[in-house]
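Have a look at the structure below before the remarks.
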Amino acid sequence: FSSHIQVQLGKTNLALTESTQQLINSAKVNSHSGYSSKTLVNDFMLTNLAEPAHLNRADQTVPLPASCVATENTCLISAWSNTLT
């Protein structure tokens, strides 16, 4: 992957220009140390945006837990992205 990516917020269809979309370049990309582009194992990253995102009806923050969950608990994590060109 590229060390600089463009983050597309507020989009529901990548083929269309949408009134809610925000296109923001990354300032820094931090990938998982065990990431494999062949198997896509550990295919997640933290991205520092080059400028702040604006909260609107399509883009909101996600509340994070105040403490760690017990190891026997099941957690659901959802995301949607595409890093292919």
- Cβ pairs under 8 Å, 6+ apart or interchain, first in segment 56-85 and farther than 21 Å from Val29 by Cβ, second part of a loop (DSSP other than H, G, I, E, B) and at pLDDT below 80, ordered by first then second residue, are Val69/Cys75
- Residue count, segment 1-14 (criterion: closer than 14 Å to Asn48 by Cα and either part of a strand (DSSP E or B) or touching a residue at least 60 places away in the same chain (Cβ under 8 Å) (or both)): 5
- Task: Return the total of residues in segment 15-51 being part of a loop (DSSP other than H, G, I, E, B) and either among the hydroxyl-bearing types (Ser, Thr, Tyr) or open to solvent by 80 Å² or more (accessible area, probe 1.4 Å) (or both).
- Result: 15
- When segment 38-55 is examined, which residues are found to be out of contact with any Ser or Thr (no Cβ under 6 Å at 6 or more places or on another chain) and within 19 Å of Gln6 (Cβ to Cβ)? Asp43, Phe44, Leu46, Asn48, Leu49, Ala50, Glu51, Pro52, Ala53, His54
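The values are calculated or read from the model by the stated rules, or taken from the named source; none is laboratory data. Predicted, not measured: the structure shown is a model, and the values here were computed from it. Counting neighbours? That spans all protein chains shown, and the Cβs are built from the backbone with ideal geometry, glycine included. Remember, those area values only see protein heavy atoms, side chains included, never the ligands or the DNA or RNA. Shrake-Rupley method; radii C 1.70, N 1.55, O 1.52, S 1.80 Å.
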